[in-house]
Every structure is written in C-alpha cells, then in structure tokens.
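This report refers to the structure that appears directly beneath it.
The values are calculated or read from the model by the stated rules, or taken from the named source; none is laboratory data. Being a predicted model, the structure only gives us computed values, none of them experimental. For neighbour counting, all protein chains shown are included, and Cβ atoms are generated from backbone atoms with ideal geometry for every residue, glycine included. To get the accessible areas, we keep the full protein, side chains included, count just its heavy atoms, and leave off ligands, DNA and RNA. Shrake-Rupley method; radii C 1.70, N 1.55, O 1.52, S 1.80 Å.
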Amino acid sequence: MPVFDLSATPLRALNSALHGLEQGTNDTRFEVVNPRGHHAVAVGIDSPVSVEVHGSVGYYCAGMNDGATVTVHGSAGPGVAENMMSGTVIVEGDASQYAGATGRGGLLVIKGNAASRCGISMKGIDIVVHGSIGHMSAFMGQSGHLVVCGDAGEALGDSLYEAKLFVRGSVKSLGADCIEKPMKPKHLEKLARLLEKAGVTGVQPEEFRRYGSARKLYNFHIDNADAY
Amino acid sequence: MCGIVGLFLKDKSLTPQLGDLLSDMLITMTDRGPDSAGIAIYGTPRPGIAKITVQSARPGADFANLTAELSAAGLPATVTEKNTHAVIEIAADRRGDIRALLEKLRPSIRIMGAGESVEIFKEVGLPGDVVSRFGVRAMGGTHGIGHTRMATESAVTTLGAHPFSTGPDQCLVHNGSLSNHNNLRRKLVRSGMTFETDNDSEVAAAYLTAEMASGKDLGEALTGALDDLDGFFTFVVGTRTGFGVLRDPIACKPAVMAETDRYVAFGSEYRALVNLPDIEAARVWEPEPATVYFWDHEKAA
C-alpha cells in the first residue's frame, strides 16, 4: 500500500501516482500522512481506488473525483469534492465553503459541519452533512440531493432548479423561489438509503422536511423560453 | 487575495517565541500575497514610556543623529534602527509632541504606529524577506498580527502595506475590498481623522479608531462596522490588550481559527497554523459570518 508523507514528498508526486494508475492495478489503497493543509490533495482521480488522508487539508481536496473513495481524517478547506463526477468523499471533521460545488455525481459525506454555499450549483451529486450547513447552500442547485441532519443557514436553496433538499433541524431562511414541499413515500425511501450510505444512525427519515423549487422565477416562465 | 495571520498568547511562557511563530505563519501565506508584508507586535508596555515606529525611504540620512537632535529640541528619546524603520522611545506624557517635531526635523519620515506596546514593520517585497529585514523572529510579545498583500484597491507601496494603524496601539489587517470607502473617508475627515493613503483598509482602521474614541470597546466598534462598511472583508484587529476578528455577512474571504489553553490563532488558511504548538489538539473552527470575536488580556485575567 503506497504511503505519501506530504511533509517529505511533493504533492505532485502523490497526484501523478494517482493519475498514472493503469486499469487493473494492484495498488488500490493509498495513504497520505501530514497533509498540513495542502491544497488540491488527491484531485482528479479516475480509478476506483481508496485514499485515506490523515490530517486536515486545504482547498479543493478530492476535486473532480471520478470513482475513487477519498476519506479525510480531519477537516477540509474550501471546495472539497468540487465537481465530483462519481465515487465517494468522506470528511470526518468539518468542511469549509462550497463543499461539493457543481458536483455531477457520487456521494459527499461531511461528518461535522459545512460552512456557507454547501452544494452550490450541484448537478447530480448527493451530499449528506451530519451537522449543520451555512448560508446560501444549494444556490442554483440543478439536481441531486442535499441532506442536512442539523440546521441550515440563511437563504437555503436560492434560485433552485431540481435539486432536492432535506433538512432535519431549523432553516434560518429560504432563498428566492425555494419552498417547503410535502414528503412523499418515494422521498422517505430515497432519504433512508442516503442516510444509510452516509453512516447516519439514530435518525429517522420522517424527522426531515423537504425543500425544493417553486418554479416561479423568470427562467421557469414559458413566455421567457426564447430568452435562453 | 491577501493572507492574514494573528496570534494572541494566553500562556506567558510563549511570549519570547511570538515573533518566531508569527514569522512562520506569515511566510506560509506568501502565495496569497507576495507584493508586500507587514507585522504588528505588541510587546509588554514599560510604565511611562511611549513607542513610536517610524519609516523612511532614506533611513541612513534620516535616522543619523536623530537621538541627539530630538534631545537638543527638548525631547529626550532613544532611537532603535531596524532597517527602513526605527522605534523611538520617549516619555509617555510627551507623545503629543513628537509628530510636530518629526515633521520639522525629518519631513520625509512617516509614522507607522504609536502607543505603549505596539511596533509596526511593513515593506514591499516577499514576506520572508520582510521578516528577515526587520528581525521579526527575535521579537517577543503578548499578541501580534500580520498580513501578506496582493494589492487590488491601491498601489504597491510601503504605506499601502498592512497593518494600518490609525490610533494609539490600534491596528488592522484586511483581506477583501470595501466599496463605500471614499464616502466613509470623507465623513471621517470631517470628524477630524487624517489619512496617509487612498487605501480602503486604512478607512476601516480609521473607522474603528473613531468609534473607539467615542467610547465603544473593540467588540462594539466591530459590531458597528457590520452596518457601516460595505464590501468584502475579513478583519483582524489588534489593540493594546486585545485581538478581534470580524467577517462580513457574505464571508467569501477565508478564515480559520484555532484555540488551545495557550493561544488563540487566526489564519486565512489552516496551512498557516500547522506549525503552532500542539495544533493537533487545538479546537479548530471557521469563524461565523457577521459575528464579532474578540479576546482581551485584561478581561481574561
């Protein structure tokens, strides 16, 4: 199992090794020690390997991930798992701004809290936050699911498209065009599956409320269709 | 961009290491701000003594014989040269006299900051070079703040570097940009404040000084800033005994804090904090938007 000590090895050596993996490689487990807040740790992986990062990371950890499982045993700086395509990213601590931004697929699990703009412009990613999230989360979210076991900050789901938001605690305020919607059996089933995948225990899907787009903004109005 | 660091020591045994710890934090933030760098160090005040940090573009000519000329003009002083800066120590009750006297004796000298405990050093250049020019590593103190600058709103000059000091023992570093600084500067000028630069961050510093002069404490002045300043900001502010942090409500500019029994630390990024003692055991968190944080040696004691 390759181990990269980032206090002794350049970051580029780690990312080059991850990008150079051949199909069917026997190196499927990587360990990273002493990340010391480095930016861009384990970005752009396109192989189904697992990477365990022991410590806290800076900007854009596991960005563009396509198929790998990256676990951060610490906290993550801004833009963790930004534009993830597929795979799983787990942050054992907290995540800073815009976690999972623009993500197209895969699962991002944050076991602590996430700061502002969590899931901004999400496009298919599933994000499960064990704690709470900050303001302007899921802004312009297009598809995917954002599940929050704690509370949400101001302006949740502003200018939302089709992303589905589930919050168990309080929501400080809803953004423009975001409304509470009824929880149907299919939503409860989906939520139960996401909670299980994200390792959330002792929490029932029925404890959440669902939020989504009212589809009343300018861009949803048929008379404006030719403006796009 | 820009990088900010700050360190407030709770454990007195760490005070000899303040300059060393802050230097490492500042140098780690070089890639957020390679234009210029600055640092404010709060040392232990000596009773009855005031300190004035001055800067000159031609230190050789300006600092030569300054001690003797100040004494001859009736103001006994000790001048300690540090590269382009010098720290002048005088009797505290004569602090009101020094500005006019310096204007007469050395018109090209600029005052960087004054008070009982603060010393401020800032220059154009890479943070590592700035730190070594002034010998910051050898400096001790109770708290300090630093800044690495990537200029957006005004020129890359020594005076445009942070920290900005607009009142006794007060200073501010800023990451962001203010949009109502011209209007606010005009208001502050009418109320008697003076400005050295066109820089937006100097306006924020002067605003806090004016608010504190009207009787507010640092926490109250920072709360007022949320209503009166428009734009993006993460501020770290130092006073003689305290250290405060404020982020604007949108909070785009990054900020991480760490606290242990021995210190409170601020960094634009976690990277800046990794060399601090026992950082693995610290409580590390992101300061909330529009929330005032401040620590005070006197209130804590």
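Considering only residues in segment A:28-59 that are open to solvent by 70 Å² or more (accessible area, probe 1.4 Å) and touching a helix residue (DSSP H, G or I) at 6+ places or on another chain (Cβ under 9 Å), the one that is farthest from the other protein chains (Cβ to nearest Cβ) turns out to be A:46.
Among the residues of segment A:60-71, those identified as in a loop (DSSP other than H, G, I, E, B) and either among the polar types (S, T, N, Q) or more than 14 Å from chain B (Cβ to nearest Cβ) (or both) are A:62, A:63, A:64, A:65. Can you confirm whether segment A:67-78 contains a residue that is over 24 Å from residue A:34 (Cβ atoms) and at pLDDT 95 or above? Looking through segment A:67-78, at least one residue is over 24 Å from residue A:34 (Cβ atoms) and at pLDDT 95 or above.
Count of segment B:236-260 residues, restricted to those that are open to solvent by 20 Å² or more (accessible area, probe 1.4 Å), within 14 Å of chain A (Cβ to nearest Cβ) and touching a Lys or Arg at 6+ places or on another chain (Cβ under 8 Å), is 1. Does residue A:117 satisfy being within 13 Å of chain B (Cβ to nearest Cβ) and open to solvent by 10 Å² or more (accessible area, probe 1.4 Å)? Yes; evaluated as a whole, the condition is true for this residue.
So that you can scan it fast, the table gives a plain yes or no per residue for (1) more than 24 Å from residue B:251 (Cβ to Cβ); (2) open to solvent by 10 Å² or more (accessible area, probe 1.4 Å); (3) in contact (Cβ under 8 Å) with a residue 12 or more places away in the chain; (4) small (Gly, Ala, Ser):
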site	(1), (2), (3), (4)
A:147	no, no, yes, no
A:154	no, yes, yes, no
A:157	no, no, yes, yes
A:163	no, no, yes, yes
A:179	yes, yes, yes, no
A:185	yes, yes, no, no
A:202	yes, yes, no, yes
A:210	yes, yes, yes, no
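Flag: residue A:14 matches the condition of being more than 14 Å from every other protein chain (Cβ to nearest Cβ) and either within 23 Å of residue A:144 (Cβ to Cβ) or crowded, with 23+ Cβ neighbours inside 10 Å (or both). Screening segment A:72-100 for residues that are part of a strand (DSSP E or B), open to solvent by 10 Å² or more (accessible area, probe 1.4 Å) and away from chain B (no Cβ under 12 Å) and picking the one that is nearest to residue B:273 (Cα to Cα) gives A:90.
Within segment B:91-100, the presence of a residue that is of a type in the set (A, V, I, L, M) and assigned by TED's automatic domain parsing to the domain that holds residue B:275 is excluded. Restricting attention to segment B:224-235, the residues that are within 14 Å of chain A (Cβ to nearest Cβ) and of a type in the set (Asp, Glu) add up to 0. Restricting attention to segment B:261-301 and to residues that are free of Cβ contacts under 8 Å to residues at least 24 places away in the same chain and surrounded by fewer than 16 Cβ atoms within 10 Å (Cβ to Cβ), the residue that is nearest to the other protein chains (Cβ to nearest Cβ) turns out to be B:280. Scanning segment B:113-156 for residues that are of a type in the set (Val, Ile, Thr) and surrounded by 15 or more Cβ atoms within 10 Å (Cβ to Cβ) gives B:118, B:120, B:124, B:130, B:131, B:136, B:142, B:145, B:148.
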